[in-house]
Amino acid sequence: MPLGNGDTPARIESGIDYIESLRNRNLRVFLFGELVEEPVDHPMIRPSINAVAETYDLAIREPEIATVESSLTGKRVNRFLHLVQSPEDLVAQNMMQRKLGQNTGTCFQRCVGMDAFNSLYSVTYEIDEKHGTAYRERLEAFLTTMQERNYVVGGAMTDVKGDRSKAPHEQDDPDLYVHVTKRNEDGVWLKGAKAHQTGCINSHWIIAMPTMRLGAKDKDYAIVAAFPVDAPGITYIYGRQSCDTRSMEGGSIDVGNARFSGQEAMVVLDDVFVPWSHVFMDGEYEFASMLVERFTCYHRRSYVCKTGVGDVLIGAAAQAAEDNGVEKASHIKDKLVQMTHLNETMYAAGIASSHQARATKSGVYLNDDMLANVCKHHVTKMPFEMGRIAQDLAGGLVSTAPSEKDLTHPELGALLDKYLRGRADVPTESRIRILRLIENMTLGRNAVGYLTESLHGAGSPQAQRVQIGRQMKLDFKKRLARRLAGVDAGEDE
Ligand SMILES: Cc1cc2nc3c(=O)[nH]c(=O)nc-3n(C[C@H](O)[C@H](O)[C@H](O)COP(=O)(O)OP(=O)(O)OC[C@H]3O[C@@H](n4cnc5c(N)ncnc54)[C@H](O)[C@@H]3O)c2cc1C
């Protein structure tokens, strides 16, 4: 099985091993119109790599949180590569996600792959059952290798989509959804582009999946296939983030979070070859909606990761209030209670969804869909309100503070130290650092993960409302009401 470039180690253990495994892959990554020579060393990209590295280091520091016994091999594997065997496994995923959000204050980029493997496992099982194919076996072989090597696998679902009112085959340009252009006895060739791909350049492999329900005329778009990130024919175009170039200015204050950030890029596939061993759906269009629904079911409660990030934001808001000497004011306490209430509301829905999981035919567990959609729908709103409160507590300096270069300037530094001090016993620099972190999370680089990804990731708000609407059992609820109101007197169920 070809596994990326020859330099990739047999097994990755630590965050440092992981970072080294990404070197020398000769990827075609463009940023600001230029080819990036080595993404690992690029100051704008590196913080996103550090965030993924933390998923490895957590597994070493706290194996009970981030590792688990593999259902495939019986060996301990990273939880991001595990097929969930019980509700407890799903709950443990959520606890790990919150922890990683707390440790990084950003998106650590591995949930899409985790949720892709789990949804694909049950869907390939059901495709095989209907069509006599052998997709699940192939997927198991692929996942076993990923577990053994401890690789990062990205899940690429979102196509660029063109005219949203048209199906893939109806688009003027056939490449607006990823599709198969050629097949032979060796495999398939893929063309198209996936948008907003979280952590794609930081992954070792990518699994491309359809993004929507498909019909018979969309057969060539019903493709699920895995390929190494450095496969020939792929171009990555890096998505820039608000305030991203601050990481290229040197210094550690203005960036807000110097160590960690998220990553999104567009992945353009120009006739990328995939051998049959890595194809997990080809033409079974009637299973595309099942895959999208199961994937989003897992993924919408994976957004409890944002509650870990929210813990950081609450801490920063509380610290900012303390640095200003107002922490005892009743409205400040109340606003921190409000932030906490919002944060725990999201967590409650996500973790309840995991607790109420049921086994699929394949044996892998699937969390509760209604509660997953409720969780994600909260996530499309609550971090925005939490960001508003954090900015309220921070004061206007969160968006008007002078730069680090001014703070360290021989003449201006002393002036700013004097005039930007809050409480006398808190160094001005500490105060500014906290404000920059709030800026980073609500207006800067990590607002991409904390706010916009919360809004659109795993589907924009309307996608959850559709799912909630489908499952809200209005007839049942009307019957309850009619019986108690005496409208349906005599009906006793
Ligand atoms: C930070 C970030 C990270 C992401 N990471 C990943 C990732 O790792 N992998 C991945 O696969 N995807 C990822 N996504 C993509 C995410 O799933 C999509 O953004 C989401 O599904 C919305 O698609 P879109 O961005 O094309 O928006 P659009 O589809 O253009 O939606 C814009 C608006 O139009 C509405 N709309 C869309 N279609 C219709 C229609 N037919 N009829 C009526 N209204 C419509 C929507 O409800 C929405 O309000 C990420 C997104 C973000 C922002």
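Taking +1 at the Cβ of each Lys and Arg and -1 at the Cβ of each Asp and Glu, which of His456, Gln319, Ala424 sits farthest along the dipole of region 299-478 towards its positive end, judged by Cα position relative to the Cα centre?
Positive-end residue among those listed: His456.
Taking 0.36 nm per intervening residue step and subtracting the Cα-Cα distance, what contour gain separates Asp406 from Ser330 on full extension?
In short, 23.9 nm is gained.
Straight-line reach from Lys219: which lysines fall under 28 Å, measuring Cα to Cα and dropping same-chain residues less than 8 apart?
Counting by Cα, and skipping residues close in sequence, Lys219 has these lysines nearby: Lys130, Lys161, Lys166, Lys182, Lys191, Lys194, Lys361.
Which listed residue (Gly395, Tyr347, Leu371) has the Cα farthest towards the positive end of the charge dipole for region 299-478, taking +1 on Lys and Arg C-beta and -1 on Asp and Glu C-beta about the Cα centre?
About the Cα centre, the residue reaching furthest to the positive side is Leu371.
Pull up all non-local amide H partners of Val188: gap of 5 or more, or a different chain, and H-to-H distance under 5 Å with H placed in the peptide plane.
Counting only residues 5 or more places away or on other chains, the set is Val274, Trp276.
Can you work out the Karplus-derived ³J(HN,Hα) for every residue in region 273-284? Use 6.51 cos²θ - 1.76 cosθ + 1.60 with θ = phi - 60°, whole Hz, and x for glycine or proline.
7, 10, x, 4, 4, 10, 9, 10, 6, 8, x, 7
In whole Å, how far is the Cα centre of region 231-296 from that of region 318-349?
Computed from Cα coordinates, the inter-centre distance equals 34 Å.
Obtain the nm distance between the two label points defined at Ser252 and Arg76 by a simple spin-label model: each point lies 7 Å from its Cα along the Cα-to-C-beta direction.
Here the answer is 3.1 nm between the modelled labels.
So how do 434-445, 108-119, 54-65, 386-397 stack up, highest first, on mean other-Cβ count within 10 Å?
Put in order of decreasing packing, that is 108-119, 434-445, 386-397, 54-65.
So, R0 is 25 Å and r is the distance between the beta-carbons of Glu293 and His341; what FRET efficiency does that work out to, to 0.05?
0.25
Subtract the Cα-Cα distance of Ser430 and Glu34 from 0.36 nm times their separation in residues, and report this length gain in nm to one decimal.
Result: 138.9 nm gained on full extension.
Scan around Ile206 for amide H atoms under 5 Å from its own, H built in the peptide plane at 1.01 Å from N, and keep only partners 5 or more places away or cross-chain.
Gly154, Phe227, Val229
In whole Hz and in residue order, list the ³J(HN,Hα) couplings for region 370-379 that follow from phi through the Karplus curve 6.51 cos²θ - 1.76 cosθ + 1.60, θ = phi - 60°; x for Gly and Pro.
Values per residue, Gly and Pro as x: 4, 5, 5, 5, 5, 4, 5, 5, 4, 5 Hz.
Treat every Asp and Glu Cβ in the chain as -1 and every Lys and Arg Cβ as +1, leave all other atoms uncharged, and give the resulting dipole magnitude about the Cα centre to the nearest 20 debye.
Taking the Cα centre of the chain as origin, the dipole is about 1140 debye.
Hey, with R₀ at 25 Å, roughly what FRET efficiency would Ala134 and Arg183 work out to, going by the Cβ-Cβ distance, to 0.05?
It comes to 0.90.
Using the basic label-point model (7 angstrom from Cα toward the beta carbon), what is the Val487 to Ala414 distance in nanometres?
In this crude label model, Val487 to Ala414 measures out at 7.9 nm.
Quick check: the distance between the Cα centres of region 40-83 and region 353-384, to the nearest angstrom?
About 22 Å separates the Cα centre of region 40-83 from the one of region 353-384.
Rounding to the nearest 20 debye, state how big the charge dipole of region 169-221 is about its Cα centre with +1 on each Lys and Arg Cβ and -1 on each Asp and Glu Cβ.
So the magnitude is around 160 debye.
Pull up the cross-link candidates among the aspartates and glutamates for Lys381, meaning alpha carbon to alpha carbon under 18 Å and not fewer than 8 places away within one chain.
Asp311, Glu344, Asp392, Glu453
Once phi is turned into ³J(HN,Hα) by the Karplus curve 6.51 cos²θ - 1.76 cosθ + 1.60 with θ = phi - 60°, what whole-Hz value does each residue of region 200-207 show in order, with x for glycine and proline?
5, 6, 8, 9, 9, 9, 10, 10
For a Förster distance of 41 Å, can you work out the FRET efficiency between the beta-carbons of Thr235 and Arg421, rounded to the nearest 0.05?
For Thr235 and Arg421, the calculated efficiency is 0.25.
Find the relative contact order for region 270-382 and round it to a whole percent, using C-alpha pairs within less than 8 Å whose residues are 6+ positions apart.
About 33 percent, as a whole number.
By its C-alpha gyration tensor, with a ≥ b ≥ c as the square roots of the eigenvalues, how is the chain shaped: rounded for a/c under 1.5, else prolate for a/b larger than b/c, else oblate?
Oblate shape, in that a/c is at least 1.5 and b/c is the bigger or equal ratio.
Read the figures in this text as sums done on the coordinates, not as results from a lab. Nothing here was measured: the structure is a model prediction, and the numbers come from that model. Glycine also receives a Cβ, built like all others from the backbone with ideal geometry; neighbour counts cover every protein chain displayed.
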